[in-house]
Each structure stands twice: as structure tokens, then as C-alpha cells.
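Reviewing the structure listed below.
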Amino acid sequence: MSYNIDELSWSDVRNIFRKWRDDNERKSEDVIQLWDLILCEKQNKLGNERHLVLEQVMIAALDCNRIETAEDCIRILTAEFPGSLRIQKYKAMLLEALERYDDALDVLEQIIKKDETNAAPRKRKVAIFKAQGRTTDAIRELCDYMKRFMSDQEGWHELCGLYLAEGEYAKAAFCMEEVMLHNPHSHLIHQRLADIRYTMGGLDNIEIAKSYYCQAVKLNSNNLRALYGLFLCCGHIANSKAPLNKRKEAQKLAQWTITQIQAKTAASTTALSKGGKVLDKQPKEEVAALEQAFGGLDIAKAN
């Protein structure tokens, strides 16, 4: 922690907590430390902000496995808001921390019955299924969630990861396409969709992967992973039974890609050497391996 605790007043800690909430930073260990040493005894001075601080401390306590602190915060909030569905969700989170998953699911089901438009308890159900290793149930629950909240980009991204864990690459690709619709200018999304298509294999998927890798490089020319992927795609196409013009185009693109990889790894090596850091020879070895694999390809003979 960059703060000197001995010099902090309760109002200083309140302002720090407020800043962390506004910046969406958890800093759980720091929150618990400041709460125990300074703010806990002064919580009555927080006014209307007290409930937000209690929620913040409760989540931090669960992160740090401070069950008693979390229980105290939930008890105070329950006394002041006895019928709040938000507090019920916190009780379910506490049950999760205690690994009482079935009880937590029961609480979440009650919340959903009272408010079907509440997205938070549905997400918590997915998190519980993941914690239990029940990937199939997590996929089923998340699919049901996405039918109701189709614009949730994080939901599509999570569903993609679950499908990848199960080897359902076609469905994972569909999820990433949905993510791309919400954020078409992210080179990382194009790169991940290309990775999935490349993993699926087959000439058609390799062609699609090449297009997404190209777009990822266009959006961020420093994306080395996309450059490596593009080079591998070009190598597969050049060695395939694709039409001659496509194989020639792939070979030219592969040559351009390897030139870009060499230039960027050389620039990175130079920067590291100027900084006095130990150099890693692995990038050069990878480039040499790629050149050896595809550099001597002769399209004329392949025809």
C-alpha cells in the first residue's frame, strides 16, 4: 500500500474507498486493512455512504476469506434492508465462499423468481457451476441467460470460453462473432476468432482464419501472435490443393509476414539490449523454424 496508515484520518480512508469504487478497483487486502485499523469504528460518520462502504468491505472480505467480517457486514445490511434482493445475492455469495453451493443456488433461484429481469443472480449461478466443475450445466444456464440478455458482451465471451473447454469450436466461433458485433475494432477479438477457426482445421476454416488474422494485424500492426498465425495459415494454404493463384498469393503474404516478424523481433531485441536486460533468443529461433518450414516452398513444382 502506498499510503501511510498512521497519517490517514477516517475521512481520508472514506475518500480512498470512494476513489476505488469509482475506478472499479477491488484492492481487497488494502480495503480490509484500512477497515480494520481506521474506518470500522468510524462507520457511523459515513452517512449515506455507509451502505456502499459496507458492500465494498463485504466483497473484499470474501476475497480475503475473512468470513466473520463478511457476515458482520451482511448482518448490518440485512437489518436495515430486510427485503432487499441485493442483500439476498450477498448472502448467496457468502454461502459460495463457505462452499455451500446447493444452499447458494436455492437463494439465487428465489431471487430469480421474484425478479426475472435481474441478471446478477443468473451470472452467479454460472459461477457456481464453474466452481463445481459442472461445465455442461454452466453452458446450459449461460445459454438461457443469453436468450434474455443478448447484448451482454461479457456473457458471450464467457460462453465462448466454456465451449472451448468442451471442444465445441464451432459454437465458440459463433460466440466470438457475437462479441465482434459489439466491438468490431478490437484486434484481440479478431485474433481469438482466427485462433478458433485455425484450430477447427480444414481449408475453408484456414481461409477464414487468415482473413481474421489480417484484420487483427491491420488494427494493430504490433500484434505478433496475429502475425505468427497469419504466417501459419499462409503456409497451410500454400501446401494445400487450393487453386494455384491462391497458393501464390499465400506464399507472397507469408514472405511479407515473416519480414514483419523479423523486423519487430529485431526492434524488440534492440530495445531490450539498450535497457540492459538479458536477451531471449527464443523469438529468433521461432522465426528460423518458420522459415525452415515454409521458406523454401516452390509453387511451380507443387503444380
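The values are calculated or read from the model by the stated rules, or taken from the named source; none is laboratory data. On a predicted model such as this, the values are computed, not experimentally measured, just so you know. Every residue, glycine as well, gets a Cβ built from its backbone with ideal geometry; the counts of neighbours run over all protein chains shown. Quick note on the areas: whole protein, heavy atoms, side chains included, nothing else; ligands and nucleic acids left out. Shrake-Rupley method; radii C 1.70, N 1.55, O 1.52, S 1.80 Å.
General observations
- Carbon and sulfur %, accessible surface of the chain computed with the full protein complex present, 1.4 Å: 48 percent
- Linear extension gain, Lys241 paired with Arg18, 0.36 nm per residue minus alpha-carbon span: 74.1 nm
- FRET efficiency estimate (nearest 0.05) - Cβ-Cβ, Lys248 to Ala127, R0 51 angstrom: 0.50
- Partner aspartates and glutamates for Lys91 [C-alpha distance under 15 Å; skip if fewer than 8 residues away on the same chain]: Glu55, Asp63, Glu68, Glu71, Asp72, Glu80, Glu99, Asp102, Asp103, Asp106, Glu109
- Rounded to two decimals, the Cα-based Rg/Rh of region 81-137, with Kirkwood Rh, is 0.96.
- Qualifying chymotrypsin sites (Phe, Trp or Tyr not before Pro) in region 126-174, DSSP loop, other Cβ atoms within 10 Å at most 15: Phe149
- The calculated Kirkwood hydrodynamic radius for region 1-160 is 17.1 Å, given to one decimal from all distinct C-alpha pairs.
- Stokes-Einstein D (µm²/s) once Rh is taken as the Kirkwood radius of the chain over alpha-carbon pairs, at 10 °C in 1.306 mPa s: 67 µm²/s
- Protein heavy-atom accessible surface, 1.4 Å probe, per residue over region 174-237: 44 Å².
- Calculated over region 1-47: convex hull of Cα atoms, volume per residue (Å³): 71 Å³
- Estimated purely from DSSP H runs of n ≥ 4, each contributing -39500 (n - 2.57), the mean residue ellipticity at 222 nm for the chain is -23500 deg cm²/dmol once divided by its residues.
- About its Cα centre, region 1-132 has a charge dipole of approximately 540 debye under the convention of +1 per Lys or Arg Cβ and -1 per Asp or Glu Cβ, with nothing else charged.
- Calculated FRET efficiency for the pair Lys264/Ala170, C-beta based, R₀ 25 Å, to 0.05: 0.15
- Multiplying the residue separation of Glu177 and Asp204 by 0.36 nm and removing their Cα-Cα distance gives an extension gain of 8.1 nm.
- Using a Förster distance of 35 Å, the FRET efficiency for Glu154-Ile5 (Cβ separation, nearest 0.05): 0.50
- Positive-pole candidate from Val107, Val217, Pro243, dipole of the chain, charges at beta carbon: Pro243
- Solvent-accessible surface of region 97-168, taken per residue with a 1.4 Å probe and all protein chains present: 56 Å².
- Checking the Cα-Cα distances for Lys42/Lys89; Lys45/Lys125; Lys125/Lys210; Lys19/Lys89; Lys171/Lys241; Lys130/Lys264 against a 29 Å cut-off, the pairs over it are Lys45/Lys125; Lys125/Lys210; Lys130/Lys264.
- In this Cβ point-charge picture (+1 for Lys and Arg, -1 for Asp and Glu), the chain has a dipole of about 1300 debye about its Cα centre.
- Sites excluded, GluC sites (Glu not before Pro) in DSSP loops with at most 16 other C-beta within 10 Å, longest stretch of the chain: 169-303
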